[in-house]
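Peer 1: Dumping the structure here so I can ask a few things about it.
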Amino acid sequence: AQSVTQLGSHVSVSEGALVLLRCNYSSSVPPYLFWYVQYPNQGLQLLLKYTSAATLVKGINGFEAEFKKSETSFHLTKPSAHMSDAAEYFCAFLGGAQKLVFGQGTRLTINP
Amino acid sequence: DAGITQSPRHKVTETGTPVTLRCHQTENHRYMYWYRQDPGHGLRLIHYSYGVKDTDKGEVSDGYSVSRSKTEDFLLTLESATSSQTSVYFCAISESNLRANEQFFGPGTRLTVL
């Protein structure tokens, strides 16, 4: 079955440090992958998406993700964390009939 | 922001009572979805709609029904609420069935079943 797995339910980094959130997918066909962010008590907002046009995808708020077929990964990174980046992040896979399949989520904490 | 509202935003109910959650959109998008969010599970699809009166089941549809009589409204009904249905429910919309199309999410409804 097609799925995504997020490694680490909770990641903590210092302000200014590199942010790395991991996502691996399993799919027998080229996937369409998304990263969403959820701030406290809010809905989900799209950060970026991979649609096979380019392996390095740039999103909002300085985030980017690189699609690596050989590693079946789509990790999310940001060079320098900001306090406002504290949120929960979801990797998602687009299945049939436009149905999103989400990973379990990773809660990012930023330490001052 | 996409024009999506959910009502109510918070609800506390008792086991065995019927509950209806409403999702309303002003974007005239064809596709609408209901998800539930639970710790450790991310978001899981309950039901979705690909047009007026056209709906289908998602991953966790047992105990839920939906209806869509107008493009702008998608209702989720719990016929007889159970404690396992305590969750945060999100509605999402999508313009088309193009594979790269983004889904826009509403603000969520927090439901507690006592």
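Peer 1: Mind listing whichever residues of region A:1-16 are in a strand (DSSP E or B) and within 14 Å of another protein chain (Cβ to nearest Cβ)?
Peer 2: Taking region A:1-16 and keeping what is in a strand (DSSP E or B), we get A:3-7, A:10-14.
A:S3, A:V4, A:T5, A:Q6, A:L7, A:H10 - these are the residues of region A:1-16 that are in a strand (DSSP E or B) and within 14 Å of another protein chain (Cβ to nearest Cβ).
Peer 1: I would also like to ask the following. Of all residues in region B:87-114, which are at negative phi and part of a loop (DSSP other than H, G, I, E, B)?
Peer 2: Scanning region B:87-114 gives B:E95, B:S96, B:N97, B:L98, B:R99, B:A100, B:N101, B:E102, B:Q103, B:G106, B:P107, B:L114.
Peer 1: Report whether or not A:N111 is exposed (fewer than 13 other Cβ atoms within 10 Å of the Cβ) and at pLDDT below 95.
Peer 2: Considered against the rule, which asks whether it is exposed (fewer than 13 other Cβ atoms within 10 Å of the Cβ) and at pLDDT below 95, A:N111 comes out as no.
Peer 1: Which residue out of B:S84, B:S80, B:S49, B:S69 is more than 21 Å from A:Q38 (Cβ to Cβ), in a strand (DSSP E or B) and over 14 Å from the mean Cα position of the chain (by Cα)?
Peer 2: Values: B:S84 fails: in a strand (DSSP E or B); B:S80 fails: in a strand (DSSP E or B); B:S49 fails: over 14 Å from the mean Cα position of the chain (by Cα).
The conditions single out B:S69.
Peer 1: Step by step: first the residues of region B:68-114, then only those that are touching a strand residue (DSSP E or B) at 6+ places or on another chain (Cβ under 6 Å) and among the acidic types (D, E), then the one that is least open to solvent (accessible area, probe 1.4 Å). Which residue is that?
Peer 2: The residue in question is B:D73.
Peer 1: Have a look at A:K58, A:K78, A:K49 and point out the one that is without any contact (Cβ under 8 Å) to a residue 24 or more places away in the chain, surrounded by 17 or more Cβ atoms within 10 Å (Cβ to Cβ) and in contact with a strand residue (DSSP E or B) (Cβ under 7 Å, 6 or more places away or on another chain).
Peer 2: Values: A:K58 fails: surrounded by 17 or more Cβ atoms within 10 Å (Cβ to Cβ); A:K78 fails: without any contact (Cβ under 8 Å) to a residue 24 or more places away in the chain.
A:K49 is the lone residue from the list that is without any contact (Cβ under 8 Å) to a residue 24 or more places away in the chain, surrounded by 17 or more Cβ atoms within 10 Å (Cβ to Cβ) and in contact with a strand residue (DSSP E or B) (Cβ under 7 Å, 6 or more places away or on another chain).
Peer 1: Given the criterion open to solvent by 50 Å² or more (accessible area, probe 1.4 Å) and aliphatic (A, V, I, L, M), identify the matching residue among B:V19, B:V52, B:V60.
Peer 2: Working: B:V19 fails: open to solvent by 50 Å² or more (accessible area, probe 1.4 Å); B:V60 fails: open to solvent by 50 Å² or more (accessible area, probe 1.4 Å).
It is B:V52.
Peer 1: In region A:17-41, which residues are part of a loop (DSSP other than H, G, I, E, B) and either surrounded by 13 or more Cβ atoms within 10 Å (Cβ to Cβ) or in contact with a Leu (Cβ under 6 Å, 6 or more places away or on another chain) (or both)?
Peer 2: Once the filter is applied, which keeps residues that are part of a loop (DSSP other than H, G, I, E, B) and either surrounded by 13 or more Cβ atoms within 10 Å (Cβ to Cβ) or in contact with a Leu (Cβ under 6 Å, 6 or more places away or on another chain) (or both), region A:17-41 yields A:A17, A:S27, A:P31, A:Y32, A:Y39.
Peer 1: Also, quick follow-up: Out of all the residues in region A:61-71, which are small (G, A, S) and either touching a Lys or Arg at 6+ places or on another chain (Cβ under 8 Å) or in contact (Cβ under 8 Å) with a residue 24 or more places away in the chain (or both)? Full working, then the answer.
Peer 2: Quick first cut of region A:61-71, residues small (G, A, S) only: A:62, A:65, A:70.
Within region A:61-71, A:G62, A:A65 qualify.
Peer 1: Oh, and also: Considering (1) free of Cβ contacts under 8 Å to residues at least 12 places away in the same chain; (2) more than 14 Å from chain B (Cβ to nearest Cβ), say which one A:N41 fails and leave the rest.
Peer 2: (2)
Peer 1: Further question on the same structure: Name, by its number, the condition in (1) open to solvent by 40 Å² or more (accessible area, probe 1.4 Å); (2) touching an Asp or Glu at 6+ places or on another chain (Cβ under 7 Å); (3) more than 17 Å from B:G108 (Cα to Cα); (4) within 14 Å of chain A (Cβ to nearest Cβ) that does not hold for B:R44.
Peer 2: (3)
Peer 1: Turning to a different aspect of this structure: Exactly one condition in (1) in contact (Cβ under 8 Å) with a residue 60 or more places away in the chain; (2) within 24 Å of B:E95 (Cα to Cα) is not met by A:M83; state its number.
Peer 2: (2)
The values are calculated or read from the model by the stated rules, or taken from the named source; none is laboratory data. As the structure is a computational prediction, the values presented were derived from the model and not from experiment. Because the Cβ atoms are built from the backbone with ideal geometry, glycine has one as well, and the counts that use them run over all protein chains shown. Surface accessibility is based on the protein's heavy atoms, side chains included, excluding ligands, DNA and RNA. Shrake-Rupley method; radii C 1.70, N 1.55, O 1.52, S 1.80 Å.
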